[in-house]
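Enquirer: If you scroll down you'll find the structure; I have some questions about it.
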Amino acid sequence: MWPSIVCALLLDHLFGEPRRAHPLVAFGRYARWIESHLYADRFGRAPFAVFAAIAPWLLLTWALSRIELVHTLLGIVVLYLALGLRSLREHALPVADALEQGGLDEARALVARIVSRDTADLDAGQVAAAATESVLENGSDAVLAALFWFVVAGAAGVVLYRLANTLDAMWGYRNARYRRFGWFAARLDDALNWIPARLTALSYALAGHCLRAIACWRQQARAWDSPNAGPVMAAGAGALGVRLGGAAPYDGRWHERPVLGWGDAPDAEAIRRALRLLYRAVAIWLVALLPIGVL
């Protein structure tokens, strides 16, 4: 299994996400088709919709993985397609470059590609904070959680996790349309991320300022509205020695959020340091997996 992980990471490093015909884009279209046929403003419809969206692809992956000749190759390809390490770097570094060159408007436009908040009125520190938060949180969601589920359940585990994560991004909103229809997708994603998020927080601590990261995790994570993003970002901010969270604009309104971490507000260099922290965390996972017989 370890060689398959290394191969998938190498493919991601060399090629990044497919520019055309990414399977998750096709799955998104399929999920919208499911929604158009099964949508109802009822709590009871939500589990059935998620099952209908995920089950065919999970069953297909499981069946293919039973074929000895394709088992290893399937695992490498599925994990590669689930990883977003290079994509995260390609989206975050231009934000840092723009900030360093004084291009605040460009930095705002670039960071809008990776965060859901409004970016038009952010100052330079707030843009840097948004990008740093995205690196830390997506380091868990798009990298380490995928590695975790590959170790636990192979290609089928990665497919289950990544599709549930995609459905949460599409349906997991607490608004009038999705509060009832999308609750199961959101809870499933929370459940699948619970252990990986805490392993990510621990990895950030080991890859950075450990004691400060652990202290921020213990003292601040519970105040965050997401049970999984809280530990990840609190530990990551502590490991970096920066201050994240605070007020941020969403849908035209500023929302107060708890402060995470300790230290100064992030700048362009904090974005780069967050990426280096993530790469060190991945290296820790590779080293940890090698001797424990999970390979």
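Every read-out reported here was derived from the displayed coordinates using simple, explicitly stated rules and does not represent laboratory data. None of these values were measured; they are calculated from a predicted model. Counting neighbours? That spans all protein chains shown, and the Cβs are built from the backbone with ideal geometry, glycine included.
Enquirer: Between region 143-221 and region 232-280, what's the alpha-carbon centroid distance in Å?
Expert: Here the answer is 18 Å between Cα centres.
Enquirer: While we're looking at this one, here's another question. Among SER36, SER134, which comes first, second and so on when ranked by fewest other beta-carbon atoms within 10 Å?
Expert: Ascending Cβ contact count within 10 Å gives the list SER36, SER134.
Enquirer: Still on this model: Over the chain, what is the relative contact order in percent, taking alpha-carbon pairs closer than 8 angstrom and at least six residues apart?
Expert: 20 percent
Enquirer: Here's a follow-up. Can you list which of the trypsin sites (Lys or Arg not before Pro) found in region 131-177 are DSSP loop residues with at most 15 other C-beta atoms within 10 Å?
Expert: ARG174, ARG177
Enquirer: So, one more: Hey, fewest Cβ within 10 Å first, where do ARG272, ARG187 land in order?
Expert: ARG187, ARG272
Enquirer: On average, how much area does the Cα convex hull of region 224-290 cover when viewed from any direction, in nm²?
Expert: 5.5 nm²
Enquirer: Next question. Pop out the ³J(HN,Hα) list for region 63-75 in order, Karplus 6.51 cos²θ - 1.76 cosθ + 1.60 with θ = phi - 60°, rounded to Hz; leave Gly and Pro as x.
Expert: Values per residue, Gly and Pro as x: 5, 5, 5, 7, 8, 4, 5, 10, 4, 5, 4, 4, x Hz.
Enquirer: Let me ask another. Across 10 Å bins from the origin, how do the percents of Cα pairs in region 147-241 run, short distances first?
Expert: 18, 37, 32, 13, 0
Enquirer: Can you compute the FRET efficiency between GLU106 and HIS71 using 1/(1 + (r/R0)^6), with r the Cβ-Cβ distance and R0 = 41 Å? Round to the nearest 0.05.
Expert: In this case the efficiency is close to 0.35.
Enquirer: Could you grab the relative contact order for region 155-249? Cα pairs under 8 Å, six or more apart, rounded to a whole percent.
Expert: Relative contact order, region 155-249: 22 percent.
Enquirer: Let me ask another. Rounded if a/c is under 1.5, else prolate if a/b beats b/c, else oblate: with a ≥ b ≥ c from the C-alpha gyration tensor eigenvalues square-rooted, which is the chain?
Expert: It is oblate, given that a/c is not under 1.5 and a/b is not larger than b/c.
Enquirer: Sorted from fewest to most neighbouring beta carbons within 10 Å, what does the list ARG32, ARG45 look like?
Expert: ARG32, ARG45
Enquirer: Give the calculated FRET efficiency between GLU256 and HIS22 to the nearest 0.05, with a Förster radius of 45 Å applied to their Cβ-Cβ distance.
Expert: 0.80
Enquirer: Roughly what would the spin-label model give for ARG177 and ALA247, points 7 Å off Cα along C-beta, in nm?
Expert: 3.0 nm
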